[in-house]
1. Under 5 Å between amide H atoms, partner at least 5 residues away or on a different chain: which partners does VAL21 have, H built in plane at 1.01 Å?
2. Taking R0 as 30 Å, what FRET efficiency do you get between ALA2 and GLU151 from their Cβ-Cβ distance, rounded to the nearest 0.05?
3. Give me a comma-separated list of calculated 3J(HN,Hα) values for region 94-101, in order, Karplus coefficients 6.51, -1.76, 1.60 applied at θ = phi - 60°, integers in Hz, x for any Gly or Pro.
4. Among THR107, THR159, GLY28, which residue has its Cα furthest toward the positive end of the charge dipole of the chain, with +1 on Lys/Arg Cβ and -1 on Asp/Glu Cβ?
5. Residues in region 121-149 near a label at GLU24, defined as backbone nitrogen under 15 Å from the 7 Å Cα→Cβ point?
6. Output ³J(HN,Hα) for region 110-119: one whole-Hz value per residue in order, computed from phi by the Karplus curve 6.51 cos²θ - 1.76 cosθ + 1.60 with θ = phi - 60°, and x for Gly and Pro.
7. Please give the residues of region 75-93, grouped as numeric ranges, whose backbone N is less than 12 Å from a label point set 7 Å along the Cα-to-Cβ vector of ASP125.
8. With θ set to phi - 60°, apply the Karplus curve 6.51 cos²θ - 1.76 cosθ + 1.60 along region 25-31 and write out the HN-Hα couplings as whole Hz, x wherever there is a Gly or Pro.
Amino acid sequence: MARLPILQWPDPGLSTLCTPVGEEDLTGLIADMFETMYAAPGRGLAAPQVGVLKRLFVMDATWKEAPGTPLVMINPEILSFGTDQEPGDEGCLSIPGVLASVQRPTTVSLRWQDQDRSWQSGSFDGFAARCIQHEFDHLEGLVTFDRLSPEARTESEATYQHHLESSA
């Protein structure tokens, strides 16, 4: 296993619509993505964040507070969103130093292929639903900034720029 470099915004790969995963062997990539995510330390990591423009993400929404629940989602398809929405703070490994309040549905239902390429389906709520939506956005070429009002985006981009300058 190896830690992978995480692309930083505004890398063009983070704004690219990802293509479906085919029959390629992802075993090594998935292991490397989990190692990278845990070391970052994050709760989710999408393939485009490590330069692979495929519809794949890994996540573990609970590992920081409880036993882990690692999930691999290949070619995920969102089936429905709940009607209730709420704001929540989101960070992104590709936009370090920024925590932004993003309005999202509190529940999401989807189907995906697991690491063995078996189709799964499920509904998620709370932080897991937020994490899935955040990582799914990466597969669509969207980052946290794209979910903010123009004013909040300007403020968050300034915070990010300040973070980059102070860590250089």
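1. Hits under the 5 Å cutoff: ARG55, ASN75.
2. Numbers: r = 40 Å, r/R0 = 1.34.
For R0 = 30 Å, the calculated efficiency reads 0.15.
3. Karplus values, whole Hz, x for Gly and Pro: 8, 9, x, x, 10, 10, 10, 7.
4. GLY28
5. Answer for this model: none.
6. 8, 10, 7, 9, 7, 4, 8, 6, 7, 6
7. Backbone N within reach: 82-84.
8. 6, 10, 3, x, 4, 5, 4
The numbers here are math on the coordinates, done by the rules we state, and not lab data. Because the structure is a prediction, the values reported are computed rather than measured. Please note: Cβ atoms are built from the backbone with ideal geometry, for glycine as well, and neighbour counts cover all protein chains shown.
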